[in-house]
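Right, one structure below, let's go through it.
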Amino acid sequence: MFIAVRDIWRSKLRFGLLGGAVGLLIFLLLFLNTLSATLLGFFIGAIENNSADVLVYEATSRRNLQASRLDLSLLDEVAAVPGVVAAAPIGELTLTAAIGDSLTDLSLWGVDLAGPGRPQPIVEGRLPGPGEVVVDESGVSEGFEIGSTITLVASGQELEVVGYVRDRRYAVVATGYLSFDEWVAVFEAEFPGTPVVPLSLIGVETAEGEDPAAIGERISAAVAGVEGLDRKTGAAGTPGVDSISQSFALIVGITFGIVVLVVGFFFLILTVQKLRSFVTLRAIGTDTGYLARSLVIQVVLVVLVGSLLATGVLWAATLGANPAFPLAVDRGLVVTVTAAVLVSSVLAGVLSIRRIARANPADAAQGLH
Amino acid sequence: MTALIVDDVTKVYGEGHTEVRALCNASLELGDNEFLALLGPSGSGKTTLLSVIGGLLAPTSGTVTVGEIQLTALSRKEQTRFRANRVGFVFQGFNLVPFLTARENMTVMAPISDATRDEIEARTDQLLEELGLTARRDNLPEQLSGGERQRVAIGRALVSDPDLILVDEPTASLDTELGTQVVQLLASEIKSRGKAGIMVTHDLRMVEFTDRTVRILDGELLNG
Ligand SMILES: Nc1ncnc2c1ncn2[C@@H]1O[C@H](COP(=O)(O)OP(=O)(O)OP(=O)(O)O)[C@@H](O)[C@H]1O
Ligand SMILES: [Mg+2]
């Protein structure tokens, strides 16, 4: 402790710079994690946080709900599967909407407002009535605010925003939820003369205590041409999710590797620079274990300071966060990332410890060369 | 009582055509409270002998006994403890730790010595006083003069209260006056504490502060 702390104290600038660099890299790790969670949330929030326990897709849609088209008649077949308490239609249609002076995409969901798939919970406002819609609160940045009127461009229909749901975006587009009948009307107005309005999904509520995944399989087996999935599986199976997750995992992994290398090499350089001191200390009877502990203490201090710094920067960044880009200091994430960096950095410190252990204390006696 | 027995020690560095015979059948006895001067030209094996005695270097053959401890029989761990508690080494190049103050360079012995921290701290303050360093105690080595650094190194060698002090060329980088002062101080510290000491020098004027002189030439000790 003594040597470790004195050393840091007498080289404040060096250790300060390292702490700062580690801090920024840890911030980057935290930020990337948050960013990836936010982006994935925007992509599949409407599926992952759906109020239905099981979502039924057209079997050939490859879990892509925009490619999934089901016939209304399947509803009764699904409802008849044992373990299914209720089945309700879910329709999704992405169209162009005008809000104020600007045009934007809107993913409009028609659901049974009292059944599985309903927009729930409403975090502000109320459920929609005729001519009304609730939107995901992140849509505020696109202008979808309570009280505003959305005009559907192709048909000229108008919808008034009366409430917000949370974490229910889909395909990175703002979402709106309204009753299934209203949605059918919108669909027919958008595509005049359409012979049949297809469902995108069937939302299923399962019996208390049943495993949704098992019920999903049961539905797939019992009803021809459909695939039933619990919402987590459905969300994860959405085309594109894998590649987004993998890209972020790669970036996070590289950043993590950089932190560990920076810490490891920094301490190795310092160790080589201070080798004469270490040799002297060993020559006067300090054992290698003591020096190793003191190096580990330094690594731990640097990483903890870095993590504190990163948390501070992240906290400062949350002041600028909004529903369109939610950012929060997630304590669990901070602890996990810090612990991971800590453990790997201490392991990287082993390089330095080995260097100290290899030094020959007899060299101390050979004086100035 | 004998503080030290060096019995027929040979030290060979390297092997084959790079082989250097730094010590040849060296034998030496040192009494308690005896301060010995080791005199010899550069490359004669002085530092090698001190290193072997100080438990830093294993002899190729022969035995070294300090007090009742036979060095060659010690494990690595025991050797480390021996260095921390039984010998004080003042190295040829002082070897202070640059990021520790004068006082800290001495109290650094606290966690590794058998003595308690309180004992080490008390002895440190006393030594700083005796060595005239009290005013400089909180200075880093780079802020100290050569003589002051040498005195800190002497303080560090004494602070764990070892029975044997080994000093390698304490005057090499000091002018005559300062060198004499430092050696005088060193002699009085060793004498007043009743310790045994060996001082390597090639300055004949320093011999007057010691009890006995041993010469070394090409690794061979010439007693008398
Ligand atoms: N690690 C080593 N490897 C090989 N040879 C060495 C090593 N250390 C010392 N020697 C050689 O051993 C001989 C004795 O060296 P030593 O350092 O003991 O001499 P010294 O009397 O202390 O000299 P000086 O007065 O210059 O300090 C020299 O020839 C030296 O080159
Ligand atoms: Mg020498």
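The values are calculated or read from the model by the stated rules, or taken from the named source; none is laboratory data. If you're wondering where the values come from, they're calculated on a predicted model, not measured in any experiment. FYI the Cβ positions are ideal-geometry reconstructions off the backbone, even for glycines, and counts take in every protein chain you see.
Within segment B:19-26, does at least one residue satisfy the condition of being closer than 21 Å to B:V167 by Cβ, away from ligand 2 (no atom under 16 Å from the Cβ) and not hydroxyl-bearing (S, T, Y)? Step through it out loud before you land on a result.
Going through segment B:19-26, the residues closer than 21 Å to B:V167 by Cβ turn out to be B:22-23, B:26.
Then drop every residue that is not away from ligand 2 (no atom under 16 Å from the Cβ), which leaves none.
The answer is no, given that none of the residues of segment B:19-26 is closer than 21 Å to B:V167 by Cβ, away from ligand 2 (no atom under 16 Å from the Cβ) and not hydroxyl-bearing (S, T, Y).
Give the residue that is farthest from ligand 2 (Cβ to nearest atom), with candidates limited to residues of segment B:37-73 that are among the hydrophobic types (A, V, I, L, M, F, W, C) and surrounded by fewer than 19 Cβ atoms within 10 Å (Cβ to Cβ). Reasoning before the result, please.
Within segment B:37-73, the subset among the hydrophobic types (A, V, I, L, M, F, W, C) is B:37-39, B:49-50, B:52-53, B:56-58, B:64, B:66, B:69, B:71, B:73.
Now drop any that are not surrounded by fewer than 19 Cβ atoms within 10 Å (Cβ to Cβ), which leaves B:58, B:69, B:73.
Values: B:A58: 18, B:I69: 24, B:A73: 27 Å.
Checked segment B:37-73; the qualifying residue farthest from ligand 2 (Cβ to nearest atom) is B:A73.
Using the structure shown, decide if A:Q298 is free of Cβ contacts under 8 Å to residues at least 24 places away in the same chain and either within 14 Å of another protein chain (Cβ to nearest Cβ) or crowded, with 16+ Cβ neighbours inside 10 Å (or both).
Numbers: free of Cβ contacts under 8 Å to residues at least 24 places away in the same chain: no; either within 14 Å of another protein chain (Cβ to nearest Cβ) or crowded, with 16+ Cβ neighbours inside 10 Å (or both): yes.
Spelling it out, it is not the case that A:Q298 is free of Cβ contacts under 8 Å to residues at least 24 places away in the same chain and either within 14 Å of another protein chain (Cβ to nearest Cβ) or crowded, with 16+ Cβ neighbours inside 10 Å (or both).
Can you list the strands (runs of 3 or more DSSP E) lying wholly within segment A:68-160 that have 3 or more residues being modelled with pLDDT of 95 or more and within 28 Å of A:D230 (Cβ to Cβ)?
Details: elements: A:84-99, A:102-111, A:132-136, A:149-152.
By residue number, A:84-99, A:102-111, A:132-136.
Residue by residue, here is whether (1) modelled with pLDDT under 95; (2) part of a helix (DSSP H, G or I); (3) within 22 Å of A:L295 (Cα to Cα) holds:
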residue: A:G306; (1), (2), (3): no, yes, yes
residue: A:L309; (1), (2), (3): no, yes, yes
residue: A:L314; (1), (2), (3): yes, yes, no
residue: A:A317; (1), (2), (3): yes, yes, no
residue: A:G332; (1), (2), (3): yes, yes, no
residue: A:V343; (1), (2), (3): no, yes, yes
residue: A:D363; (1), (2), (3): yes, yes, yes
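How many of the residues in segment B:1-18 are modelled with pLDDT under 90 and within 16 Å of ligand 2 (Cβ to nearest atom)?
Residues meeting the conditions: 0.
Which condition from (1) without any contact (Cβ under 8 Å) to a residue 24 or more places away in the chain; (2) away from chain A (no Cβ under 14 Å); (3) not acidic (D, E) is the one that B:T10 breaks?
Here B:T10 meets the rest and fails (1).
For residues in segment B:89-114 being in contact with a strand residue (DSSP E or B) (Cβ under 8 Å, 6 or more places away or on another chain) and at the interface with another protein chain (Cβ under 8 Å from one of its Cβ atoms), which is farthest from ligand 1 (Cβ to nearest atom)? Don't jump to the end; show me each part of the working.
Pass one, segment B:89-114, residues in contact with a strand residue (DSSP E or B) (Cβ under 8 Å, 6 or more places away or on another chain): B:89-92.
With the extra rule that they be at the interface with another protein chain (Cβ under 8 Å from one of its Cβ atoms), the set shrinks to B:89, B:91-92.
Working: B:F89: 13, B:F91: 11, B:Q92: 6 Å.
For segment B:89-114, the residue satisfying everything is B:F89.
Which condition number in (1) at pLDDT 95 or above; (2) under 25 Å from A:D136 (Cβ atoms); (3) out of contact with any strand residue (DSSP E or B) (no Cβ under 6 Å at 6 or more places or on another chain) is the one that A:F15 fails?
Just one mismatch for A:F15, condition (2).
With the condition kept exactly as written, say whether any residue in segment A:202-209 is of a type in the set (S, T, N, Q), buried (at least 17 other Cβ atoms within 10 Å of the Cβ) and over 30 Å from A:A362 (Cβ atoms).
Residues of segment A:202-209 that are of a type in the set (S, T, N, Q), as a first pass: A:206.
In the following step, the residues that additionally are buried (at least 17 other Cβ atoms within 10 Å of the Cβ) were identified as A:206.
Right, trim to over 30 Å from A:A362 (Cβ atoms) and you get A:206.
Yes, that holds for at least one residue.
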